1. Considering the stretch 125-134 alone, what residues qualify as being assigned to a helix (DSSP H, G or I) and buried (at least 19 other Cβ atoms within 10 Å of the Cβ)?
2. Out of the stretch 1-17, which residues are surrounded by fewer than 19 Cβ atoms within 10 Å (Cβ to Cβ), in contact with a strand residue (DSSP E or B) (Cβ under 6 Å, 6 or more places away or on another chain) and either more than 13 Å from residue 62 (Cα to Cα) or assigned by TED's automatic domain parsing to the domain that holds residue 51 (or both)?
3. Quick check: anything in the stretch 20-35 surrounded by fewer than 15 Cβ atoms within 10 Å (Cβ to Cβ) and over 20 Å from residue 127 (Cβ atoms)?
4. I'd like to check something: does the stretch 38-60 contain any residue that is part of a helix (DSSP H, G or I), outside the structural domain of residue 178 (by TED's automatic domain parsing), touching a strand residue (DSSP E or B) at 6+ places or on another chain (Cβ under 6 Å) and modelled with pLDDT of 95 or more?
5. What number of residues within the stretch 139-150 satisfy the criterion of being over 16 Å from residue 79 (Cβ atoms) and surrounded by 14 or more Cβ atoms within 10 Å (Cβ to Cβ)?
6. Which ranges mark the helices (runs of 4 or more DSSP H) fully within the stretch 135-204 that have 1 or more residues being touching a residue at least 24 places away in the same chain (Cβ under 8 Å) and within 20 Å of the chain's Cα centre (by Cα)?
């Protein structure tokens, strides 16, 4: 949806319910076309837009200035940043691009839930998943009650999605690591939950 210019965004807010749903750091070589004009090469924001009259849905992809404008107009917070790359800092302090990521880290995540969240967000970032798809449904659920262990059904769902790539999550990460300085991701807390139910797991390679 075209959202170029403040006046255009004002009209959009009047006509649509605006829901901020993701802030994702782009992997090396990936470019997102901004609905506010130009290309995004750093990190992008995604908004779900639901018509107040027809309930039709559209998506907005944009950079930080436009995202801030939308959030100010709707009195909402910017989404937390998901950054699969290793963070950079200046003089021991997080730079401005990592402020929201620091807030995400500060949340008291259940360790197993955080591993499942990381897997979910990696899949969203890699495959450019769209809102209102299973990945985003699971993402929203995992961001609620972050201190609780995830339901087995959600672990199974992500495991199934991974299986459809014909790779393991580790295969995907290793492939990405050739061109990206990735953080270290572990799924060791998720695998036993699947093993207990004799479900073939696709998070790690078989030894």
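The values are calculated or read from the model by the stated rules, or taken from the named source; none is laboratory data. For clarity, every value in this text was computed on a predicted model and none was experimentally measured. Virtual Cβ from ideal backbone geometry, glycine too; neighbours counted across all protein chains shown.
1. Matches in the stretch 125-134: 125 only.
2. Matches in the stretch 1-17: 17 only.
3. Our first condition is that a residue be surrounded by fewer than 15 Cβ atoms within 10 Å (Cβ to Cβ); within the stretch 20-35, this holds for 28-29, 31, 33.
Subset that is over 20 Å from residue 127 (Cβ atoms): none.
Within the stretch 20-35 (the criterion being surrounded by fewer than 15 Cβ atoms within 10 Å (Cβ to Cβ) and over 20 Å from residue 127 (Cβ atoms)), the answer is no, since none of the residues qualifies.
4. Within the stretch 38-60, not a single residue is part of a helix (DSSP H, G or I), outside the structural domain of residue 178 (by TED's automatic domain parsing), touching a strand residue (DSSP E or B) at 6+ places or on another chain (Cβ under 6 Å) and modelled with pLDDT of 95 or more.
5. Total satisfying the criteria: 2.
6. Details: elements: 152-163, 169-176, 191-196.
It comes to 152-163, 169-176.
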